[in-house]
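Chemist: This structure is in structure tokens; I'll ask about it shortly.
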Amino acid sequence: MQKHSLIAVAVALFAAGCTMAPKYERPAAPVSDSFPTGGVYATQPVAAAGGLSANGQAATDIGWRDFFADPRLQRLIEIALKNNRDLRVSVLNIAASRAQYQITRAQLFPTLEAAASETKTRTPKDLTFFGNTISTEYSVGLNASWEIDFFGRIQSLKDQALAQYLATAQARKAAEISLVSSVADQYLTVLAFDDLLKVTEGTLKIAQDSYNLTKLQFDTGTGSELDLRQAQTVVEQATASMQSEARLRAQAENALVLLVGEPLPADLPPGMPLNDQNLLADIPAGLPSDLLQRRPDIMEAEENLLAANANIGAARAAFFPKVSLTGNFGTLSPSLGGLFKAGSAAWSFAPQITLPIFEGGANKANLDLAHVQKNIQIAQYEKAIQTAFREVADGLAARGTYDQEISARERNTFAEQRRFELSDLRYRNGVDSYLSVLTAQNDLYLAQQTLITARLNRLTNLVDLYQFLGGGWIERAGEQPRPADAPVDYGAASAPVAASAPAG
């Protein structure tokens with residue numbers, strides 16, 4: 001009766017899944033309740049008339065096809081989600097974590113094995129009866145064993161493995177939305193180099209024409225060598241800049257190919273120029289507390305914290321007894337033919353309890369280590385929140401200033417263009433020296449380059465802010481978000497498939 005009561009209590013405890021892990025309490029967010037306002041944050045852009053608008057939707061509800069209007073960029077992102085090797089590794093890490101979780105979870109259940117054996121034994125003749133020195137024994141049966149998890153050690157380990165699995169899934173989600181952002185940033189960089197090359201080509205053509213005219217004047221004796229050499233410096237500088245920009249453009253495309261995971265297809269749809277990239281500029285920032293459920297890197301850090309919390313339960317349970325049940329049932333016979341005859345049944349039942357008495361301080365050290373590891377995870381969780389807050393705040397500061405900066409740089413470029421035209425006209429009419437033309441041309445070239453860089457920075461800031469707010473996980477607005485451990489499948493049969501989510 002006592003044996004049956006013990007088993008009933010064990011089953012009840014097992015079903016309840018009780019552990020000795022501390023009650024989990026989410027740490028308070030170590031950031032302000034709202035993002036900064038005023039100053040550079042005060043003037044946030046709104047949707048232009050007839051332009052694309054977020055319509056008040058959060059970044060997580062906006063599909064990347066809705067955020068990016070360029071069909072060529074959309075196609076590149078689609079290919080990258082199928083082929084990027086880092087993303088494949090993150091998907092495979094999910095499968096590995098799921099398998100590890102299942103291995104740990106299996107320890108909660110009894111094990112049952114079928115076994116068959118033949119044993120031959122030789123005994124010295126003077127120790128035998130009837131002079132039989134060789135004896136044979138055959139057995140067939142079932143072996144069973146079960147560690148009854150009275151104090152939740154295995155349950156805590158299972159909870160730890162599950163949290164680690166979920167953390168891996170969130171890491172994969174973070175990798176995917178980061179990939180979307182990285183492909184877009186690199187694509188825009190390539191477009192910026194295209195614009196820089198066009199500006200440099202125009203500058204070189206003007207410089208070459210000016211040099212030819214100055215050389216003609218020098219050859220005919222109406223111009224000085226100083227003017228000739230000044231004109232030559234512009235040609236040589238523009239030539240060097242063109243080679244540098246062509247090199248950087250090629251390297252930027254190589255980086256894009258690496259992100260995409262295959263050579264750029266020849267049948268890509270036509271793209272849009274840098275200045276026509278109509279990205280959503282009015283996505284609301286929301287509150288810092290929203291980031292806790294929108295940023296997968298923060299959710300990953302919290303799952304790691306939950307895993308560390310569960311590990312404390314396993315370390316505490318190690319101080320208490322372990323109860324295990326082992327037994328077997330089958331048939332035993334001295335001959336193979338007698339295994340299944342009447343009277344050959346054999347069984348054994350062996351409950352065992354072990355209590356740690358002296359471990360050299362190992363259990364105490366393991367518990368101390370578990371507490372330290374939890375404190376580390378708390379700090380990392382808080383740092384993840386602080387990093388997310390800083391990234392969004394930086395993005396808002398940039399978004400609040402780039403439009404005004406670009407407008408000013410456009411006006412400056414127009415002014416430099418007119419200054420160069422007037423300086424060139426005065427020089428050709430003999431009113432001014434060539435030095436004023438040279439200075440104006442250099443200043444115009446610099447203004448054009450700076451304007452392109454500012455346009456690129458504005459666009460990449462909008463892309464990154466979309467990522468920092470958690471955007472890039474769904475393909476189109478209105479779609480049901482996939483679970484974090486769901487596979488990516490945009491029709492590619494070769495795309496890696498993640499294992500399905502484990503049962504709790």
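Taken together, the values in this text are just the output of simple stated rules run on the coordinates, not laboratory data. Nothing here was measured: the structure is a model prediction, and the numbers come from that model. Backbone-built Cβ (ideal geometry, glycine too); neighbour counts: all protein chains shown.
Chemist: If you put +1 on each Lys and Arg Cβ and -1 on each Asp and Glu Cβ, how big is the dipole of the chain around its Cα centre, in Debye rounded to 20?
Modeler: That gives a dipole near 1880 debye.
Chemist: Let me ask you something else. For TRP473, TRP146, TRP347, what's the fewest-to-most ordering of other Cβ within 10 Å of each Cβ?
Modeler: Fewest-to-most ranking of TRP473, TRP146, TRP347: TRP347, TRP146, TRP473.
Chemist: Residue separation times 0.36 nm, minus the C-alpha to C-alpha distance between ALA250 and ASP126: what's the value?
Modeler: 35.5 nm
Chemist: Same structure, new question: If the chain between MET272 and ARG229 were fully stretched, how many nm would it gain, using 0.36 nm times the residue separation less the Cα-Cα distance?
Modeler: 11.5 nm
Chemist: Quick one: if the Förster radius is 56 Å, what FRET efficiency do ARG476 and THR439 give, using the C-beta to C-beta distance and rounding to 0.05?
Modeler: 0.60
Chemist: Between LEU142 and THR354, with labels modelled 7 Å along Cα→Cβ, what's the label distance in nm to one decimal, could you check?
Modeler: Result for the modelled spin labels: 2.6 nm.
Chemist: Can you list the lysines whose alpha carbon sits under 22 Å from that of LYS215, skipping same-chain ones fewer than 8 residues off?
Modeler: Candidates past the 8-residue exclusion: LYS205.
Chemist: Right, here's the next one. Please compute the net charge surrounding ALA174, taking Lys and Arg as +1 and Asp and Glu as -1 over other residues with Cβ under 10 Å from its Cβ. Numbers along the way, then the final one.
Modeler: On the way: positive: ARG172, LYS173, ARG295; negative: GLU176, ASP297, GLU300.
Around ALA174, the surrounding residues sum to 0.
Chemist: OK, next. Mind ranking 74-81, 212-219 by how tightly packed they are, going by the mean number of other C-beta atoms within 10 angstrom, highest first?
Modeler: 74-81, 212-219
Chemist: While we're looking at this one, here's another question. Net charge near GLU416, counting Lys/Arg +1 and Asp/Glu -1 over other residues with Cβ under 13 Å of its Cβ?
Modeler: Summing Lys and Arg as +1 and Asp and Glu as -1 gives 0.
Chemist: Moving on. Can you spot the aspartates and glutamates whose alpha carbon is less than 18 Å from LYS198's alpha carbon? Ignore those fewer than 8 places along the same chain.
Modeler: Straight-distance partners of LYS198: ASP209, GLU236, GLU245, GLU253, ASP276, GLU410, GLU416, ASP443.
Chemist: Among residues other than ALA95 whose Cβ falls under 12 Å from its Cβ, what is the net charge (Lys/Arg +1, Asp/Glu -1)?
Modeler: +2
Chemist: Which pairs, out of LYS125/LYS341; LYS173/LYS383; LYS23/LYS158; LYS82/LYS383; LYS173/LYS364; LYS82/LYS173, put more than 26 Å between their alpha-carbon atoms?
Modeler: Going by Cα-Cα distance, LYS125/LYS341; LYS82/LYS383; LYS173/LYS364 fall outside the 26 Å limit.
Chemist: Within 10 Å of each residue's Cβ, count the other Cβ atoms and sort LYS341, LYS120, LYS198 from fewest upward.
Modeler: In order of increasing Cβ crowding within 10 Å: LYS120, LYS341, LYS198.
Chemist: Turning to a different aspect of this structure: Measuring from label point to label point, each 7 Å out along Cα→Cβ, what is the LYS198 to ASN412 span in nm?
Modeler: It works out to 2.1 nm between the two label points.
Chemist: P(r) of the chain in 10 Å steps, Cα pairs, percent per bin?
Modeler: For the chain, the binned pair fractions read 3, 13, 17, 16, 14, 11, 9, 6, 4, 3, 2, 1, 0, 0 percent.
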